[in-house]
1. Of all residues in region 320-340, which are touching a Leu at 6+ places or on another chain (Cβ under 9 Å) and in a helix (DSSP H, G or I)?
2. Looking at region 243-284 only, could you name the residues that are under 24 Å from Tyr411 (Cβ atoms) and in contact (Cβ under 8 Å) with a residue 40 or more places away in the chain?
3. State the number of residues belonging to region 126-150 that are at pLDDT 90 or above, surrounded by 17 or more Cβ atoms within 10 Å (Cβ to Cβ) and not β-branched (Val, Ile, Thr).
4. Taking region 175-204 as the search range and keeping residues that are more than 19 Å from the chain's Cα centre (by Cα) and either among the aliphatic types (A, V, I, L, M) or under 17 Å from Val56 (Cβ atoms) (or both), which one is surrounded by the fewest Cβ atoms within 10 Å (Cβ to Cβ)?
5. Specify which of the listed residues (Phe248, Phe209, Phe244) is modelled with pLDDT of 90 or more and over 22 Å from Thr96 (Cβ atoms).
6. Among the residues of region 271-280, is any surrounded by fewer than 18 Cβ atoms within 10 Å (Cβ to Cβ), among the small types (Gly, Ala, Ser), under 19 Å from Thr83 (Cα atoms) and in contact with a helix residue (DSSP H, G or I) (Cβ under 6 Å, 6 or more places away or on another chain)?
7. Assess whether Met283 counts as being closer than 19 Å to Ser308 by Cα and either buried (at least 18 other Cβ atoms within 10 Å of the Cβ) or in contact with a helix residue (DSSP H, G or I) (Cβ under 6 Å, 6 or more places away or on another chain) (or both).
8. Name the residue, out of Ile79, Ile123, Ile158, that is at pLDDT 90 or above and more than 26 Å from Met310 (Cα to Cα).
Amino acid sequence: MPDLSNLSNLSFQNLAIDSLPLAFGIIMAIIGLVFYTQGLPGRFWRRFYAVLPGIVLCCFIPATLNSLGVFAEGIGTQIYGFTATYLLPASLLLMTLSMDVPKILGLGWKAVAMFFAASIAIIISGPISLGIAKWISPEMFTDDTLWRGFSAVAGSWIGGAANQAAMKELFGVSDDLFGMMILVDTTNASLWLLAILVMAKHADKIDKFLRADTGSIERVVAAVESYERDNARPGSLNDLMVMFGLCFAMVGLAHFLGGEIANFFSPYTWAVQYSFASSFFWMVVIITLIGVGFSFTKVRRLDHIGASKMGTVFIFILIAAIGMQINLNGLVSQWRLLLIGLLWMCIHVMIVFIVARLIRAPFFFLAVGSNANTGGASSAPIVATAFHPSLAPVGVFLGILGYAVGTIGGYVSTQLMRLVVG
């Protein structure tokens with residue numbers, strides 16, 4: 001397919017920033033500016049952020065700069081690598097240690113139901129979208145290349161990167177086609193993430209449309225806010241040093257144990273297919289379990305000095321780093337494959353909205369359940385945080401669940417695609 005556009009040639013290509021500290025400084029300045037203007041009392045800013053929430057701008061502005069060629073190639077990857085390695089697990093720990101486990105469990109069956117509804121929606125939406133594409137453009141399906149290639153999208157959208165890699169090996173996807181499918185995956189998943197973050201601002205109106213019972217969510221949020229009001233206090237230097245020391249010590253331990261467990265499972269083919277050989281998978285599981293364990297001890301008192309707020313800070317830095325990896329140029333250059341992916345995503349969204357309305361599930365469950373599939377453990381907590389920081393553990397739990405079912409779901413979806421267009 002011809003490359004129809006390259007926006008970076010229009011502007012900053014010769015002036016691209018290749019300094020890692022400067023690039024990081026720029027995205028931090030963007031986050032700071034967004035929060036500063038979001039806190040201004042003027043009517044313009046209130047209306048502006050009612051339409052475009054700050055969490056969206058923290059992702060979209062770096063994405064726009066990256067697409068214009070402001071950042072040199074690889075800079076965004078390095079910054080994201082740092083945030084995913086250190087700040088993501090730190091944020092998961094700081095947010096999880098402050099949660100009220102009984103109340104989180106009290107959210108009920110609808111949260112898990114919406115997750116599996118989203119998984120099933122992705123499984124069946126792939127074959128439907130490829131069938132429609134074949135009907136419109138049969139010349140694209142002269143061999144088995146595309147249904148094999150889209151297996152990588154199915155694996156990623158139900159599970160994560162490890163499941164995506166498993167689909168690549170299982171169905172023999174070439175490196176070039178795999179690269180295109182990563183573009184289809186990340187572009188459409190990022191667009192849906194941005195849409196969710198925008199809609200989160202209007203969750204009350206959407207819940208009315210869904211006729212949702214939001215009582216369980218409101219009780220969790222109210223309990224957390226009451227706990228914060230009753231126990232919050234200024235943190236001393238000693239408090240902060242203890243918090244950061246404990247936090248990053250646990251991050252290091254989780255990475256080490258995750259790597260050791262992954263190495264143990266790596267010789268087994270079945271373990272690779274089910275993400276048991278993924279060090280990231282085990283790291284997320286371990287850091288989450290540590291946080292849950294801490295929530296039953298005196299360590300939970302770290303939230304009195306703002307542990308969950310610091311976790312939210314780390315999440316926003318992660319959001320900006322994700323934005324630095326989004327290249328909007330690909331929206332045009334691979335337009336036919338992207339349209340198939342967009343159709344797939346739209347059918348998925350339509351199905352989960354129908355299910356949510358049928359079971360009267362809150363939009364929060366829809367958004368987190370869907371993104372736990374399409375975005376995984378790295379972005380599901382971000383979506384949950386957009387509703388309330390105390391709900392981040394729900395995103396973590398469902399994101400981990402996605403890794404567990406990703407390979408099975410991806411395999412089933414691919415076989416259905418093969419039957420439709422093969």
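The values are calculated or read from the model by the stated rules, or taken from the named source; none is laboratory data. Not measured: the values here are computed from a predicted model. Methodologically, a virtual Cβ is constructed for each residue, glycine included, from the backbone with ideal geometry; neighbour enumeration extends over all protein chains shown.
1. Of everything in region 320-340, those that are touching a Leu at 6+ places or on another chain (Cβ under 9 Å) and in a helix (DSSP H, G or I) turn out to be Ala321, Ile322, Gly323, Gly330, Leu331, Val332, Ser333, Trp335, Leu337, Leu338, Ile340.
2. If the condition is that a residue be under 24 Å from Tyr411 (Cβ atoms) and in contact (Cβ under 8 Å) with a residue 40 or more places away in the chain, then Val272, Gln273, Tyr274, Ser275, Ala277, Ser278, Phe280, Phe281, Val284 are the ones that fit.
3. Number of matching residues: 7.
4. Only one residue tops the list, namely His202.
5. The unique qualifying residue is Phe209.
6. No: zero hits.
7. Judged against the criteria, Met283 is not a match.
8. Result: Ile123 is the single residue among Ile79, Ile123, Ile158 that is at pLDDT 90 or above and more than 26 Å from Met310 (Cα to Cα).
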